[in-house]
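For reference, the structure is listed below as structure tokens.
The values are calculated or read from the model by the stated rules, or taken from the named source; none is laboratory data. Remember, it's a predicted structure, so these values are computed and weren't measured experimentally. Positions of Cβ are backbone-derived with ideal geometry, glycine not excepted, and every protein chain shown enters the neighbour counts. Calculation scope for accessible area: heavy atoms of the full protein, side chains included, ligands and nucleic acids excluded. Shrake-Rupley method; radii C 1.70, N 1.55, O 1.52, S 1.80 Å.
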Amino acid sequence: MIIKKYQAAQCLMIIVSLLIWSQMTLYILHEFVGYSPTWGLLQYCLSALAERTVLHLIVFIGLNLLILYSFMMIIIKLYKQIKLERQWNTQVQFQCDHSLTKQLHEKYEFIEDRIIVVHHNSFLAITSGFFRPKIVVSSKLVQDFTEQEVTAVILHEYAHTKKFDPLRLLIIHLIKDSLPFVPILKKLAHYIQVWMEIEADQFAINQMKSPYDLASVLYKCSKSEQKSVVGVGFADKAINYRIQKLLQPKSEIIIPVLEMKPLAMSSTLFVLLNVIIISGCS
């Protein structure tokens, strides 16, 4: 199996976050249960903090605030997302257009009853749900778009359900928001999100054997920008890259990741942290 660039970026995000979180967890275990590790960055932190100087006090306070912020952000983000997901599911059930939903179930049997049509006056298409994703589309989209355009949207969202993209999106947002002091993670998150959408587009195009209907939908959706807080939305900030890929299918899409500013900031932070810690051990 060939690992694609955005999958490698996702793995890198997870590895970096796990390394940082593991060190933070070891530090918490040391502070509260007296666990003393014999390896890793934490041992340098502990030896540096053993000395009582102004510098070490600043490091001690900063380290604790950093850890507190990171773990609190994870808890807050998870709580808000679960709450939004429940509110969204309630609203979807309340606004469900049962007639149109039944029609789409019959037409797209291969999706196994995972499509819900809701009464809504905008072009809405979202994949939501972490462990059993569902496709939610608006009645306006179904009624105003051609049959082929609706199929393009459904196939795009179906690609998201197959890869559990709402769950993947939640994970990368948790990493990015809980570790804001590593700005390169924000760039990696954007890179992954764009390629999630492009890959879903390619799935729809391959199934339909033509990019025309998907391009038509993207053009219409670009005029009414949609923001999703509960899943993966069809029209988002990746839309310009998606249109570029449709217009130039054989060209390479360049999405900035290793830009100088975030890379320099991330590298500088790690260097400064190590300098402070190691100087405390000397």
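So here's what we get for this one:
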quantity	calculated
26 Å Cα-Cα threshold exceeded, pairs from Lys220/Lys245; Lys4/Lys107; Lys162/Lys245	Lys4/Lys107
Where labels lie 7 Å past Cα in the beta-carbon direction, separation of Leu174 and Leu19 in nm	2.1 nm
Exposure of Met72 as accessible area (Å², to 10), given a probe of 1.4 Å and all protein chains	90 Å²
Segment Phe94-Glu147, extension gain: residue separation times 0.36 nm, minus the distance between their alpha carbons	16.5 nm
Principal axis dimensions, the stretch 151-217 - Cα atoms, whole angstrom, descending	44, 18, 15
For q = 0.12, 0.17, 0.20, 0.23 Å⁻¹, Debye-computed log10 I/I(0) when each Cα of the stretch 55-117 counts as one equal scatterer	-0.55, -0.73, -0.83, -0.91
Label point distance in nm, Phe181-Gln244, each placed 7 Å from Cα along Cα→Cβ	3.4 nm
For the stretch 104-176, convex hull of alpha carbons as volume per residue, Å³	92 Å³
Arg168, Arg132, reordered so the largest accessible area comes first (probe 1.4 Å)	Arg132, Arg168
Carbon + sulfur, % of accessible area of the stretch 52-171 - ligands and nucleic acids excluded, 1.4 Å	63 percent
Average Cα contact separation per residue, the stretch 65-209, under 8 Å, 6 or more apart, as relative contact order %	21 percent
Distant-in-sequence amide H partners of Ile116 (H built 1.01 Å from N, under 5 Å)	Ile135, Val136, Val137
Residue-count net charge about Ile74 - beta-carbon cut-off 14 Å; Lys, Arg +1, Asp, Glu -1	+2
Label point distance in nm, Met208-His120, each placed 7 Å from Cα along Cα→Cβ	1.9 nm
Kirkwood-type radius of the stretch 106-230, with distances r between different C-alpha atoms, in Å	15.4 Å
